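The structure under discussion appears below in the form of structure tokens.
The values are calculated or read from the model by the stated rules, or taken from the named source; none is laboratory data. Every value quoted in this text rests on a predicted model; they were computed, and no experiment measured them. Heads up, the Cβs are rebuilt from the backbone with ideal geometry, glycines too, and the neighbour counts pull from every protein chain shown. All accessible areas refer to the heavy atoms of the entire protein, side chains included, with ligands and DNA or RNA removed. Shrake-Rupley method; radii C 1.70, N 1.55, O 1.52, S 1.80 Å.
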Amino acid sequence: MMMENTQLAPKVKATYQAIVQLFREGIDLNNLTVSEITGKAGIGKGTVYEYFSNKEEMIAGAIFYELKDSCQSLYDHLKQEKDLYGKMNAILLSMEERLSHTSCFFRAIHIMMDNSAISSKLKEMVKSKGEDELLVMDMLGRVIEEEIAFEGELTKEDKAYLEMTVLSKIICYAMYQFNLNNGAKPERKAMREMICRSTCREIENFKVMLAGDVEE
């Protein structure tokens, strides 16, 4: 029953925005009620069922919509950067500026990994998404492919490995940011630079390897 994200009806968008806002405020989505959602969205409880079959569909749709929208927005921003170092730096800076969003991202990952009805619905949405709909791994995959272009063809295993390598660095930087809020005071700029250089070296090693394979 849920509409495609590219064609959101105003009340569907209001519902999603209400859920995302409640999520950022720390609400446990598994215990969230329809009344709380519609109250935050400013729409009638009966009206929301004209667009959704149940609460789980509302919440899963909101998480999917927010993740997709954030990833597309960030990817569009990354297009302005000339090289991989600049793109990685932009990603890390975005995490610094939107730490509350980063926290929500980790909570969303946790939801996807549990066995709740929300998780099941969200996994369905991720599995059936279109090729032009970007989530985190899709965004990183495009960045990597753009950097590797013309050096050779990546195998699925190589691409998956590089995506996980880059994601692991991003996750570690997010944890580092949370530690900063707890009193640790190491230098952000220096840490960003080390992560960006490390990522570039990792990708460069693959480019060299692929170039060698092409020559052979």
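For the reader, a short list of remarks on this structure follows.
- In the chain, helical runs assigned H by DSSP with n ≥ 4 each contribute -39500 (n - 2.57); averaged across all residues and rounded to the nearest 500, the mean residue ellipticity at 222 nm is -24000 deg cm²/dmol.
- Radius of gyration over Kirkwood radius for region 27-82, both on Cα atoms: the Rg/Rh ratio is 1.16.
- Pairs spanning more than 30 Å between alpha-carbon atoms, out of K121/K207; K156/K189; K11/K123; K55/K127; K121/K156: K121/K207; K156/K189.
- Hull-based mean projected area of region 12-106, where the convex hull spans the alpha carbons, in square nanometres: 6.6
- Summarised in one figure, the compactness ratio Rg/Rh of region 77-129, Cα atoms and Kirkwood Rh, is 1.14.
- Excluding same-chain neighbours fewer than eight residues apart, the aspartates and glutamates reachable from K45 by a Cα-Cα span under 17 Å are E36, E56, E57.
- Here the convex hull built on the C-alpha positions of region 86-174 has a volume of 116 cubic angstrom per residue.
- Both numbers refer to the Cα atoms of region 118-168; Rg and Dmax are 12.8, 42 Å.
- A simple spin-label model places the labels of S116 and S94 2.5 nm from each other, with each point 7 Å out along Cα-to-Cβ.
- Stokes-Einstein D for region 1-63, Kirkwood Rh over Cα pairs, 37 °C, 0.692 mPa s (µm²/s): 289
- Accessible solvent surface per residue of the chain, calculated while the other protein chains remain in place, 1.4 angstrom probe, Å²: 55
- Candidate aspartates and glutamates for bridging to K159, where Cα separation is under 13 Å - those fewer than 8 sequence places away on the same chain excluded: D138, E145, E146, E147, E202
- Quotient of the Cα radius of gyration of region 60-216 and 2.2 N^0.38 Å, N being its number of residues: 1.11.
- With every protein chain in place, region 94-144: carbon and sulfur % of accessible area (1.4 Å): 54
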